[in-house]
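The values are calculated or read from the model by the stated rules, or taken from the named source; none is laboratory data. Because the structure is predicted, anything quoted here is derived from the model rather than measured. Note that each Cβ is placed from the backbone with ideal geometry, even for glycine, and that neighbours are counted across all protein chains shown.
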Amino acid sequence: MANGWFETVAEAQRRAKKRLPRSVYGALVAGSEKGVTIRENMHAFSRIAFAPHVVGHQPERDLSTTVMGIPTSLPVLISPTGVQAVHPDGEVAVARAAANRDIIMGLSSFASKPIEDVAAANPKTLFQVYWTGSREDMVQRMERAKAAGAVGLIATLDWSFSNGRDWGSPWIPERIDLRTALKLAPQVLPKPAWLADYLRSGAIPDLTTPNLEPPGGQAPTFFGAYGEWMGTPPPTWEDVAWLREQWDGPFMLKGVTRVDDAKRAVDTGATAISVSNHGGNNLDSTPATIRVLPGIAEAVGDQIEVLLDGGVRRGSDVAKALALGARAVLIGRAYLWGLAANGQAGVENVLDILRGGLDSAVLGLGRASAVELSAEDLYAPEDFFLRLGDREAATARATTAATSAVGSAG
Ligand SMILES: Cc1cc2nc3c(=O)[nH]c(=O)nc-3n(C[C@H](O)[C@H](O)[C@H](O)COP(=O)(O)O)c2cc1C
């Protein structure tokens with residue numbers, strides 16, 4: 001059946017490719033520059049091996065946990081993604097799927113649906129902000145999210161406006177009018193299932209950002225919002241501390257890859273960090289997040305909750321991240337492929353795939369719960385793990401190198 005259940009995220013991606021207009025699919029693939037980081041995020045998981053037991057498996061396994069005090073049935077969160085035109089129900093469908101599976105939902109401030117609708121669909125919704133606009137704008141957007149029922153905030157601060165991809169960027173219009181519709185027609189008309197979904201919903205994608213709408217004003221277009229963001233001076237650590245003070249509740253800083261930044265995040269009073277390189281869409285050649293996770297978890301894991309995102313496509317990836325110190329992971333493309341392939345049911349399908357895969361790993365590794373997974377359950381090649389921004393580790397390495405150089409010279 002062309003549009004029903006799928007067995008892996010890879011199959012969901014194949015269906016998404018078939019169903020979506022070329023530029024929408026291209027926007028989800030995303031990535032930047034040469035694509036080193038986007039490839040590495042996924043490839044790095046393959047370099048970590050499990051050490052399963054043959055006997056001693058547990059008849060029942062518990063996969064639940066809490067993230068920033070919020071209970072979740074699975075250590076997997078919906079990562080915020082600012083995408084448009086994937087499905088007419090957009091982030092509301094994702095929120096419903098997540099709610100049905102008792103999963104925490106992250107909503108991007110660049111998303112296509114308003115926080116009010118999303119939080120109504122999932123009471124465990126976190127609102128994501130960038131550092132964009134004036135302080136008054138930021139406070140107004142956060143207050144709106146709070147009033148809508150958002151239970152936590154994600155501040156994503158790693159974006160560095162890299163642009164250009166060796167495989168080409170999709171053409172996305174400022175808004176859809178007759179002229180742009182005609183220009184898009186050659187890629188939309190061969191995608192009847194996608195078109196039919198939108199025709200049935202009675203709306204065409206309007207490519208605006210309703211969560212950035214000023215009081216009494218109009219929602220900016222995606223590119224209008226991007227322009228405001230580019231024109232906003234980047235934040236200092238004092239600004240981050242200010243932002244954290246404005247949000248009375250769980251606060252996650254997303255985009256950390258270095259040990260020193262993780263320590264600064266602790267100082268701001270954040271509740272959690274996500275070790276993230278924005279899914280490889282940002283500064284290309286940033287290492288895979290799974291390679292920098294253990295160093296960060298070791299340095300700050302007893303002071304702040306450490307999560308990871310980037311490259312998670314299966315339950316075994318979730319197990320590896322947990323074993324290396326993550327409390328939970330966030331997923332981006334995996335659920336976007338599910339949404340594109342089969343709407344809300346497709347997102348539920350993806351969450352079920354991750355649950356099944358994680359359960360298999362916990363079973364095979366002889367654990368009774370996902371939180372028990374540890375580094376002893378894994379094998380990774382030497383030099384696989386990196387500690388970026390850790391002066392003490394760098395000094396220790398240099399001393400060892402110098403000692404062995406002297407040793408061999410002697
Ligand atoms: C199409 C797309 C749009 C994204 N938009 C946002 C966004 O608006 N805010 C944000 O914090 N992260 C955004 N991200 C990053 C994701 O939240 C997440 O960090 C990343 O997708 C994780 O990698 P994965 O896709 O391999 O799971 C986006 C990612 C993709 C693929």
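Quick look at the numbers
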quantity: Cβ-Cβ under 7 Å pairs, at least 6 apart or on other chains, the range 322-333 side in a helix (DSSP H, G or I), far side more than 13 Å from the ligand (Cβ to nearest atom); calculated: L322/P75; L322/A370; L322/L373; A323/L373; A323/S374; A323/A375; A323/D377; A323/L378
quantity: Residue within the range 79-96 that is among the polar types (S, T, N, Q), under 19 Å from the mean Cα position of the chain (by Cα), within 30 Å of T209 (Cα to Cα) and modelled with pLDDT of 95 or more present; calculated: yes
quantity: Lone unmet requirement of (1) surrounded by 12 or more Cβ atoms within 10 Å (Cβ to Cβ); (2) in a loop (DSSP other than H, G, I, E, B); (3) touching a residue at least 40 places away in the same chain (Cβ under 8 Å); (4) not aromatic (F, W, Y) for G168; calculated: (1)
quantity: The one condition in (1) in contact with a Pro (Cβ under 9 Å, 6 or more places away or on another chain); (2) away from the ligand (no atom under 16 Å from the Cβ) that R355 fails to fulfil; calculated: (1)
quantity: Candidates G279, G343, filtered to the one that is part of a helix (DSSP H, G or I) and more than 16 Å from the chain's Cα centre (by Cα); calculated: G343
quantity: Among the candidates R165, R135, R96, residue that is closer than 20 Å to A241 by Cα, among the basic types (K, R) and either more than 13 Å from the ligand (Cβ to nearest atom) or touching a Gly at 6+ places or on another chain (Cβ under 7 Å) (or both); calculated: R135
quantity: Failed item, numbered, when E33 is tested on (1) surrounded by fewer than 15 Cβ atoms within 10 Å (Cβ to Cβ); (2) among the acidic types (D, E); (3) at positive phi; calculated: (1)
quantity: Residue among A241, A272, A265, A203 that is touching a residue at least 60 places away in the same chain (Cβ under 8 Å) and within 25 Å of E392 (Cβ to Cβ); calculated: A272
quantity: Hey, M230 within 16 Å of the ligand (Cβ to nearest atom) and surrounded by fewer than 15 Cβ atoms within 10 Å (Cβ to Cβ) or not; calculated: yes
quantity: Candidate set: the range 256-297, residues that are on the phi > 0 side of the Ramachandran plot and crowded, with 23+ Cβ neighbours inside 10 Å; chosen: the one farthest from the ligand (Cβ to nearest atom); calculated: G280
quantity: Residues located in the range 21-45, provided they are within 12 Å of the ligand (Cβ to nearest atom), touching a Phe, Trp or Tyr at 6+ places or on another chain (Cβ under 8 Å) and outside any helix (DSSP H, G or I); calculated: G31
quantity: Check on P287, farther than 29 Å from K34 by Cβ and under 21 Å from the mean Cα position of the chain (by Cα); calculated: no
quantity: Matching entry among P52, P71 (being over 30 Å from P190 (Cα atoms), more than 18 Å from the chain's Cα centre (by Cα) and in a strand (DSSP E or B)); calculated: P71
quantity: Residue pairs meeting the criteria (Cβ under 6 Å; at least 6 apart or on separate chains; first more than 12 Å from L324 (Cα to Cα), in the range 359-374; second among the acidic types (D, E) and modelled with pLDDT of 95 or more); calculated: L365/D377; S369/D62
quantity: Identity of the residue in the range 118-132, buried (at least 20 other Cβ atoms within 10 Å of the Cβ) and assigned to a loop (DSSP other than H, G, I, E, B), that ends up farthest from the chain's Cα centre (by Cα); calculated: T132
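Each row is one residue, and each column tells you yes or no for (1) buried (at least 21 other Cβ atoms within 10 Å of the Cβ); (2) within 15 Å of the ligand (Cβ to nearest atom); (3) without any contact (Cβ under 8 Å) to a residue 24 or more places away in the chain; (4) over 26 Å from S316 (Cβ atoms).
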| residue | (1), (2), (3), (4) |
| --- | --- |
| I78 | yes, yes, no, no |
| E91 | yes, yes, no, yes |
| R101 | no, no, no, no |
| G106 | yes, yes, no, no |
| S109 | yes, yes, no, yes |
